[in-house]
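Trainee: Right, I'll just put the structure down here and ask away after.
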Amino acid sequence: MKTKLKKIEAIIRQEMDSTGAQELLLPALQPLELWHKSGRDDLMGEVMIRFNDRRGRQICLGPTHEEVITELVRESVSSYKQLPLILYQIQTKFRDELRPRFGVVRSCEFIMKDAYSFDRDQAGLDKNYQAMFEAYKRILTRCGLRFLSIQADPGVMGGSESAEFMVPGESGEDVVWYCKNCGFAKGLTEEGLSSKQIPCPSCKGKMEPLNTIEVGHVFKLGTKYSQALGGRFLDEHGNLQPMVMGCYGIGVSRLVAAVIEQNNDKEGIIWPKEISPYKAVITVLDVTDKENLDAANSLYESLKKERVEVLLDDRDERAGVKFKDADLIGIYLQIIVGKASGAKGGLELRLRSSKEKIFVKKEEALKKIKELLVV
Ligand SMILES: [Zn+2]
């Protein structure tokens with residue numbers, strides 16, 4: 001079994017690789033000198049964790065990696081022939097948050113996927129930015145999330161254009177204006193929540209405040225970092241040009257929280273198919289019934305052979321307790337082996353999300369289960 005965190009990482013890797021991005025792993029320990037060069041040491045303030053190593057060098061724990069990646073690419077790319085380039089990593093980031101809350105939503109260390117694009121010109125950046133934007137939509141959709149994207153202020157990253165991916169959820173700290181009618185959304189401005197509902201530019205609907213969790217952010221950085229850190233290349237005419245950059249982040253651990261926030265009911269979590277830690281759980285209603293226990297064991301072995309991640313609940317507990325636990329942990333498909341369906345020569349399948357019950361004959365069970373689990 002892979003944890004849901006690993007499953008989300010796998011989805012992200014697939015979608016990043018499909019854009020042609022290459023994975024690497026950058027150091028978490030960074031020389032503070034790079035942050036002096038970019039001018040962001042002061043900007044980061046107390047959020048960045050700094051210390052001296054035993055040789056007295058100033059070090060920081062990376063809250064983000066624009067400086068380090070620009071330094072790396074500066075050393076290894078010299079010609080336009082080596083561009084474009086998209087690099088990404090999945091790594092722990094560190095931020096000394098004053099008020100950490102909600103476990104993984106805002107914590108002092110968290111896992112992020114961060115990608116960086118390097119291009120010869122603005123047209124190249126526009127293309128890669130769009131490719132990343134589309135990849136983010138696919139990632140969030142595969143994670144079973146409803147989300148919105150809004151134009152955002154580039155803030156401390158700098159650059160010309162940026163967009164945030166927001167997941168609506170009650171615990172979300174970021175409030176956006178949202179139009180139910182057409183889906184238009186924009187960030188909350190200084191007018192604040194007290195302002196009157198404002199009409200939407202594209203339709204007659206009223207904008208209303210909506211609590212959201214920010215899960216992704218994409219930026220067109222332009223040449224801010226390549227200028228500051230000397231990330232230049234020789235163009236086809238032999239002139240030195242600064243690389244045109246973009247950066248793209250997704251909060252991986254935060255996505256887990258967002259998925260649970262949007263996918264639950266009073267019984268427990270409802271894992272979307274691709275993230276469910278186990279895809280299926282076989283519940284044996286009465287383990288003293290040898291015939292049904294054998295049938296369950298045999299199905300369990302067959303599913304494992306087919307590489308289905310499956311859990312077998314053969315505890316000597318009441319059926320009600322087992323159903324409750326299966327609902328609570330939210331495994332995508334419940335397979336129920338019991339007397340009633342057994343007498344009819346089959347078993348019962350139940351989807352956690354819709355509670356839909358499907359009776360299936362024993363000889364067709366394997367095929368049907370695999371069908372339901374295909375993504
Ligand atoms: Zn509207």
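Trainee: Could you list, in sequence order, all residues of region 301-322 that are of a type in the set (A, V, I, L, M) and under 23 Å from K273 (Cβ atoms)? Let's see the steps before the verdict.
Mentor: Quick first cut of region 301-322, residues of a type in the set (A, V, I, L, M) only: 303, 308, 310-312, 319, 321.
Matches in region 301-322: L303, V308, V310, L311, L312.
Trainee: Hey, any hits in region 47-55 for a residue that's within 30 Å of the chain's Cα centre (by Cα), of a type in the set (D, E, K, R) and assigned to a strand (DSSP E or B)? Walk me through how you get there before you give the answer.
Mentor: Within region 47-55, the first condition is being within 30 Å of the chain's Cα centre (by Cα), and the residues that meet it are 47-50.
Add one more test, that the residue is of a type in the set (D, E, K, R), and what stays is 50.
Next, only the ones that are assigned to a strand (DSSP E or B) stay: 50.
Among the residues of region 47-55, at least one is within 30 Å of the chain's Cα centre (by Cα), of a type in the set (D, E, K, R) and assigned to a strand (DSSP E or B), which makes the answer yes.
Trainee: Further, regarding this structure: Could you please give the count of residues in region 343-358 that are more than 35 Å from the chain's Cα centre (by Cα) and farther than 15 Å from L299 by Cα?
Mentor: Taking region 343-358 and keeping what is more than 35 Å from the chain's Cα centre (by Cα), we get 343-347.
If we keep only those that are farther than 15 Å from L299 by Cα too, we end up with 343-344.
So the answer is 2.
Trainee: Next question, about the same structure. Look through L61, L43 and report the one residue that is closer than 18 Å to M112 by Cβ and either in the same structural domain as D119 (by TED's automatic domain parsing) or surrounded by fewer than 13 Cβ atoms within 10 Å (Cβ to Cβ) (or both).
Mentor: Numbers: L43 fails: closer than 18 Å to M112 by Cβ.
Of L61, L43, the one residue that is closer than 18 Å to M112 by Cβ and either in the same structural domain as D119 (by TED's automatic domain parsing) or surrounded by fewer than 13 Cβ atoms within 10 Å (Cβ to Cβ) (or both) is L61.
Trainee: Please state which one of K290, K273 is surrounded by fewer than 17 Cβ atoms within 10 Å (Cβ to Cβ) and on the phi < 0 side of the Ramachandran plot. Write out each step before concluding.
Mentor: Working: K273 fails: surrounded by fewer than 17 Cβ atoms within 10 Å (Cβ to Cβ).
Only one candidate passes the filter, namely K290.
Trainee: Within region 144-164, can one find any residue that is modelled with pLDDT of 95 or more and closer than 20 Å to E23 by Cα?
Mentor: No - not one qualifying residue is present in region 144-164.
Trainee: Out of the residues in region 185-194 that are assigned to a strand (DSSP E or B) and either exposed (fewer than 15 other Cβ atoms within 10 Å of the Cβ) or not hydrophobic (A, V, I, L, M, F, W, C) (or both), state the one that is modelled with the highest pLDDT. Even if it seems obvious, please write down each step before you answer.
Mentor: To start, the set of residues in region 185-194 that are assigned to a strand (DSSP E or B) comprises 185-187.
Adding the requirement that they be either exposed (fewer than 15 other Cβ atoms within 10 Å of the Cβ) or not hydrophobic (A, V, I, L, M, F, W, C) (or both) leaves 186-187.
Details: K186: 82, G187: 78.
Going through the qualifying residues, I end up with K186.
Trainee: Let me ask something else about it. Would you kindly identify the strands (runs of 3 or more DSSP E) lying entirely within region 227-333 that contain at least 2 residues that are under 24 Å from K370 (Cα atoms) and in contact with a helix residue (DSSP H, G or I) (Cβ under 9 Å, 6 or more places away or on another chain)? Don't jump to the end; show me each part of the working.
Mentor: Details: elements: 232-234, 240-242, 244-251, 280-284, 310-313.
Strands (runs of 3 or more DSSP E) meeting the threshold: 280-284, 310-313.
Trainee: So S78 passes all but one of these: (1) within 29 Å of the chain's Cα centre (by Cα); (2) farther than 14 Å from Y248 by Cα. Which condition number does it fail?
Mentor: For S78, the exception is condition (1).
Trainee: Only one of these is without any contact (Cβ under 8 Å) to a residue 40 or more places away in the chain and not β-branched (V, I, T): S298, S302. Name it. Talk me through it step by step, then tell me what you get.
Mentor: Values: S302 fails: without any contact (Cβ under 8 Å) to a residue 40 or more places away in the chain.
Within the list S298, S302, the selection yields S298.
Trainee: Could you list, in sequence order, the residues of region 115-134 that are under 19 Å from I69 (Cβ atoms) and assigned to a helix (DSSP H, G or I)?
Mentor: G124, L125, N128, Y129, A131, M132
Trainee: Further question: What do you reckon, is L299 closer than 28 Å to E363 by Cα, out of contact with any Gly (no Cβ under 6 Å at 6 or more places or on another chain) and aliphatic (A, V, I, L, M)? Steps first, please.
Mentor: Details: closer than 28 Å to E363 by Cα: yes; out of contact with any Gly (no Cβ under 6 Å at 6 or more places or on another chain): yes; aliphatic (A, V, I, L, M): yes.
Yes, satisfied.
Trainee: Continuing with the same structure: What are the residues in region 170-184 that are within 16 Å of the ligand (Cβ to nearest atom), under 15 Å from F147 (Cβ atoms) and in a strand (DSSP E or B), if any?
Mentor: V176, Y178
Trainee: Scan region 336-375 residue by residue and report those that are farther than 18 Å from N292 by Cβ, in contact with a Leu (Cβ under 9 Å, 6 or more places away or on another chain) and assigned to a helix (DSSP H, G or I).
Mentor: K368, K370, L372, L373
Trainee: Of all the residues that make up region 5-49, how many are without any contact (Cβ under 8 Å) to a residue 40 or more places away in the chain and aliphatic (A, V, I, L, M)? Please lay out each step first, then the result.
Mentor: As a first pass, look at region 5-49 and keep what is without any contact (Cβ under 8 Å) to a residue 40 or more places away in the chain: 6, 10, 14, 17, 29-33, 35-36, 41-42, 45.
Right, trim to aliphatic (A, V, I, L, M) and you get 10, 29, 32.
Qualifying residue count, region 5-49: 3.
The values are calculated or read from the model by the stated rules, or taken from the named source; none is laboratory data. The structure displayed is predicted, hence computed values, not measured ones. With ideal geometry, Cβ positions are generated from the backbone for all residues, glycine too; neighbour counts draw on all protein chains shown.
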